[in-house]
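Participant: This is the structure I have questions about; it appears just below.
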Amino acid sequence: MKKNQVALLIVLLLGAVTFFLMNRNTTTTVPKELRDFAYADTAAITKIFLADKAGHQVTLDRNTAGGWMVNKTWKARNDGVSNLMFVIKNLAIKSMVGVQMQETVIKQLASGSIKIELYKGDKLVRMYYVGGATPDDEGTYMLLANPETKQNSSRPFVMCIEGQTRYLTPVFGTNANDWRDRTAFSYFPPDIQSVKVDFITATGTSFEVLQPAPNTFEVHSLKNNSNYPQIDTLAVKQYLSYFQNVGFETFLNDMKPFRKDSILNSIPLFTMQITSRKGPSTSLKFFGMEPHREELDAQGKPEKFDLDRMYTLINNTEFVVTQYYSFGKLTPDIEYFGRKHSPVKK
């Protein structure tokens, strides 16, 4: 009887040890080729390919100037690429996926992951799959593949950034518009030849600022096509300085065509034309956006349009959302440029 108890105790102990070894959250026994996700030399990466199971694909290419292009067509957002590079460099294993969960996680990765390929020149140096978040949202399921054979690993991992608990999948987005630069225009002030702002329903305040030569200014009233008297040169200089690195909020490429046509066929709030003596010019049309919350005007009536955002058409091609925060200072009325008289000294 006593021998049977000892034997049973040994069996239970061995079983417990086996279960612990199979399910412990350690990577020391896993070969490096199955867990080597991070890539330290991000400066050497020349191309990043991202693709999801729905057929969406994005290719980021480093250009000769050190910037990045989206699908060889559009300039990429610097902040988005920098964030991606940070994650690529600092990926760390939070834990291994337990044996009992491995099959489930691998199936999830097979049906709903994002494939990531990192290239150094023409050489594929990393390949892995990014899945969804762990139940506690503090880790992200990932599976490595051999960049030479493209054979997938048999062990998924829970990945993280050391010291952080964020969900990493959004960093590897496959919507090209999310990667595109959102600069509407950027002009060095001396290169601006003219800025024309036409308030469609209030033409009396419309104007055109001209700079025939650097630091030589004129302001025209569009109401009667005449020069505005006694302009404040400092005000004009300050105004033209606002045209550097002016951005917009988001693209509206997914808006339904009939809705977009309805907006573009309405009367604009105002238009803007920027002419440069160096490089391309820019034309913009701004349209009222339906209010996202109830706002009252000075008479206590509901505002017709949103007070924070506008629909905007740039160069008759890009349809985007802009903010008054960025464009309000670019659209003063003509009196802004009037000479400011100093008080008389007694």
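Participant: Only one residue in Glu208, Glu138 is charged (D, E, K, R), open to solvent by 30 Å² or more (accessible area, probe 1.4 Å) and not in a loop (DSSP other than H, G, I, E, B), so which one is that?
Facilitator: After ruling out the rest, the residue left standing is Glu208.
Participant: With respect to Leu313, determine if the residue is aliphatic (A, V, I, L, M), modelled with pLDDT of 95 or more and open to solvent by less than 10 Å² (accessible area, probe 1.4 Å).
Facilitator: no
Participant: Further, regarding this structure: State all residues of segment 147-181 that are out of contact with any strand residue (DSSP E or B) (no Cβ under 7 Å at 6 or more places or on another chain) and within 17 Å of Thr250 (Cβ to Cβ); if no residue qualifies, say none.
Facilitator: Pro170, Gly173, Asn175, Asp178
Participant: Being open to solvent by 80 Å² or more (accessible area, probe 1.4 Å), over 23 Å from the mean Cα position of the chain (by Cα) and of a type outside the set (S, T, N, Q) narrows it down to one of Pro268, Pro257, so name that one.
Facilitator: Result: Pro257 is the single residue among Pro268, Pro257 that is open to solvent by 80 Å² or more (accessible area, probe 1.4 Å), over 23 Å from the mean Cα position of the chain (by Cα) and of a type outside the set (S, T, N, Q).
Residues checked against (1) within 24 Å of Tyr325 (Cα to Cα); (2) hydroxyl-bearing (Ser, Thr, Tyr); (3) in contact with a Phe, Trp or Tyr (Cβ under 8 Å, 6 or more places away or on another chain):
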position	(1), (2), (3)
Arg166	no, no, no
Pro189	yes, no, yes
Ser194	yes, yes, no
Asp198	yes, no, yes
Ala202	yes, no, no
Ile231	no, no, yes
Ser241	yes, yes, no
Lys260	yes, no, yes
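Participant: Keeping to segment 20-59, report how many residues are open to solvent by 80 Å² or more (accessible area, probe 1.4 Å), of a type in the set (S, T, N, Q) and modelled with pLDDT under 95.
Facilitator: 3
Participant: Can you spot a residue in segment 264-274 that is in a helix (DSSP H, G or I), under 26 Å from Asn177 (Cα atoms) and either among the aliphatic types (A, V, I, L, M) or in contact with a Lys or Arg (Cβ under 7 Å, 6 or more places away or on another chain) (or both)?
Facilitator: yes
Participant: Considering each of Ala176, Ala202 in turn, give the residue that is modelled with pLDDT of 95 or more and either open to solvent by less than 70 Å² (accessible area, probe 1.4 Å) or in contact with a Ser or Thr (Cβ under 7 Å, 6 or more places away or on another chain) (or both).
Facilitator: On the way: Ala202 fails: modelled with pLDDT of 95 or more.
Of the residues listed, the single one that is modelled with pLDDT of 95 or more and either open to solvent by less than 70 Å² (accessible area, probe 1.4 Å) or in contact with a Ser or Thr (Cβ under 7 Å, 6 or more places away or on another chain) (or both) is Ala176.
Participant: If I ask for residues that are of a type in the set (Ser, Thr, Tyr), more than 25 Å from the chain's Cα centre (by Cα) and open to solvent by 30 Å² or more (accessible area, probe 1.4 Å), which ones from segment 141-170 would you list?
Facilitator: Thr149, Ser154
Participant: For the list (1) modelled with pLDDT under 95; (2) in contact with a Lys or Arg (Cβ under 7 Å, 6 or more places away or on another chain), I need the number of the one condition that Gln100 fails.
Facilitator: (2) is the only condition that Gln100 fails.
Participant: Being farther than 18 Å from Phe188 by Cβ and in contact with a Phe, Trp or Tyr (Cβ under 8 Å, 6 or more places away or on another chain) narrows it down to one residue among Thr250, Thr271, Thr282; which is it?
Facilitator: Thr271
Participant: Taking the conditions exactly as written (of a type in the set (Lys, Arg) and modelled with pLDDT of 95 or more), does Lys223 satisfy them or not?
Facilitator: When the stated conditions are applied, Lys223 does not pass them.
The values are calculated or read from the model by the stated rules, or taken from the named source; none is laboratory data. All values derive from a computational prediction rather than experimental measurement. All Cβ positions, glycine included, derive from the backbone under ideal geometry; neighbour counts span all protein chains shown. Side chains included, ligands, DNA and RNA excluded: accessible areas come from the protein's heavy atoms. Shrake-Rupley method; radii C 1.70, N 1.55, O 1.52, S 1.80 Å.
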